1. Tell me the label-point distance for the pair residue 333, residue 312, using the 7 Å Cα-to-Cβ offset, in nm and rounded to one decimal.
2. Place the peptides 395-405, 417-427 in order of packing, highest mean first, counting for every residue the other Cβ atoms within 10 Å and averaging per peptide.
3. Rounded to the nearest 20 Debye, what is the dipole magnitude of region 127-264 about its Cα centre when Lys and Arg each give +1 and Asp and Glu each give -1 at the C-beta?
4. Can you tell which of 444, 454, 410 lies farthest toward the positive end of the dipole of region 409-475, using +1 and -1 charges on the Cβ of basic and acidic side chains (Lys, Arg; Asp, Glu)?
5. Could you check the simple spin-label distance between residue 436 and residue 167, using points 7 Å along Cα→Cβ, in nm with one decimal?
6. With only Lys, Arg, Asp and Glu charged, each at its Cβ (+1 for the first two, -1 for the last two), find how big the charge dipole of region 409-475 is about the Cα centre; round to the nearest 20 debye.
7. Rounded to a whole number, what is D in µm²/s for region 127-264 from Stokes-Einstein with the Kirkwood radius over alpha-carbon pairs (10 °C, 1.306 mPa s)?
8. What does the extension gain come out to for residue 474 and residue 180, with contour length at 0.36 nm per residue minus their alpha carbon separation?
Amino acid sequence: MALEARLDLRLSQKLILTPQLQQAIKLLQLPQLELSQELNHELIENPFLEESFDEITTEEPTQEERDSTEAEDIQEDTEAPLEKLMNFTIDEYFDERGSDGRDLGYFNPGTVSPPSFDQFLFKGNDLYDHLLWQLRLSSEPEDIRRAGEIIIGNVDENGYLRVSLEELIDETKVDRETIEKSLTLIQSFDPPGVAARSVTECLLLQLTSLNLQGTLIEKIIINNMEDLEKKKYSRIAQQYNLPVDDVMAAVKIIEGLEPKPGRIFSNTSTNYVVPDIYIIKTADGFQIILNDDGLPRLRISTFYRKLIQQKNAFSREDKKFLIEKLRFAVGLLKSLDQRNKTIYRVTETILDLQKDFFDKGVECLKPLTLRDVSSKLNMHESTVSRVTSNKYLSCPHGVFSFKYFFSSALHSGLGSVSSTSVKNLIRKIITEENSKKPLSDQRIVEILKSSDIVVARRTVAKYREELKIPSQIYRKKK
C-alpha cells in the first residue's frame, strides 16, 4: 500500500471542562472541614487573596466617624502610594506574610495570640510505651528483653499479638525457648490478657491474674465458647451436671472480663460532625443558615491589584504569572458564591419535599431520589449528588447526613413509605420487646403488616443487619 499525505476535515463534539468549571465542581463537593483547609491553602499560595477581619455591625456610624472615613478615602485616592508599590521587594513580601503566621499553617491578624504548640505536641501514654516501661523494669537477661521489645512491637492496639512464634524466631534469630520465655514475661504485664493470640487465650490470661484456674469459668471458656455465644446455658449446665445458677454465676464473671485489653490505652480522639447547614424552626416557619464558622472570609487584595497595574514594574513572564493568579482568585470567589447558592437551593428543595419530617419526625420521612430534587431545580443529578455527598444538616430532630433524606420507596396500604422510616420503626419495635422473649424476624413482619406496611422477612433481616441489631438468639437474656 502506498503512503500518501492528505487533509481531512472532521466534525466532532467533545466535553471540555474549563479550569473555572473544574474549580467550581471541586469546591461544590467539599465538606466544611475540607473546604476550610482548601481556602487556607489558597490564602497562603495566592498573593491576591487576603482575609477580611472587618466585623459586621448593625450600628449606624456617628457623623464624626463618617467624616473621618470619607477623609481617609479621599486621601487614599489622591495620594496613591506609587513609590511604595514600586519599591516593594520580595523580602518585604515574605516578611509581611511570615509575621502573621500564615506560612506556618495558621493565620493570626494580630489581635489573638498564636496558639501554643504544647496543645499539638502532647502525646498520651499508649500501650506500646506502657509495656516497654514494664519490660525495662524487669530483671530478665538481655536476650529475653531484646526479644520482648520485638514482641511488644508486634502487639496491636487491641492488645493482641499478630505474628506467630515462627515469625518471631526468624526475626529475632534466637531459639524457641527464649521466645517463649519472653512471651510469657510480656503476658504477665499489665493490662491482664495482653499479647494473647486469641480471645480464648486472652480470657484465660485474665483468669490467671484472678487466681481462677481450674474453675468452672475456665472450663466454659475452653470448651463452651460457642454455647456461651448463643446463650445456651442449660446445655452447659447439663454437660457439667451443675445447676443453671452456678453456670449463670460463672457467665457473670466472664462478662466482666475484657476481650480487648489494649482498649484502655487507645489514643483515638472523637471526631464530631460539623454541620454544613442549620435549619432553625421559627414562628414564621423554617430558616436555612449556611455554616461559615471556621471559613476564612476572602477578598481581593487592593494593594497587589494596584501593584500589578503599574507599567514596566514586571517582566512579561512575571506579569503573566500574576495575572493568572489574579484571574484564579476572582474565579475562586465566584465559585464560592455559586457553591453557597447551590447548597442553599438544594437544602430549600429538601425542606419543601420533606416538610413533614422537619415538623413531626423520622416516622414521616418520605421516599425521595436525586432525580426528584434535580427535576424540581432544573439541575443535573450529578450536581445534586455532589452537593449532598459528605455534608450534614442540623435541624430540631438532630444532625443528619444529606443522604439520609434520600431513600427508596416501599408500597403499603398507606401508600409509598420510606425505607428509612421502616428501619426506624423496626428499631423501635426491637427496643420495646421483652428481652427474655425477643421477637423473631417473622413476628416483626406481622407487626409491620398490622400497620399496613408489607415487607418480606428477608427485608426485615436485611434492615436489621444494616442497623447493627443482632438476631433473636443473640438478643435473648435470661
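1. The two pseudo-label positions are separated by 3.1 nm.
2. On the way: 395-405: 15.6, 417-427: 20.7.
The densest-packed peptide leads the list: 417-427, 395-405.
3. Values: 16 positive and 24 negative charges, 96 e Å.
Rounded to the nearest 20 debye, it is 460 debye.
4. 444
5. 4.8
6. Details: 13 positive and 7 negative charges, 46 e Å.
So the dipole magnitude of region 409-475 works out to roughly 220 debye.
7. Working: Rh = 16.2 Å.
Calculated translational D: 98 µm²/s.
8. Working: separation 294, 0.36 × 294 = 105.84 nm, distance 3.74 nm.
Result: 102.1 nm gained on full extension.
Every number in this text was worked out from the coordinates using simple rules, so none of it is lab data. Since the structure is predicted, the reported quantities are computational estimates derived from the model, not experimental observations. Note that each Cβ is placed from the backbone with ideal geometry, even for glycine, and that neighbours are counted across all protein chains shown.
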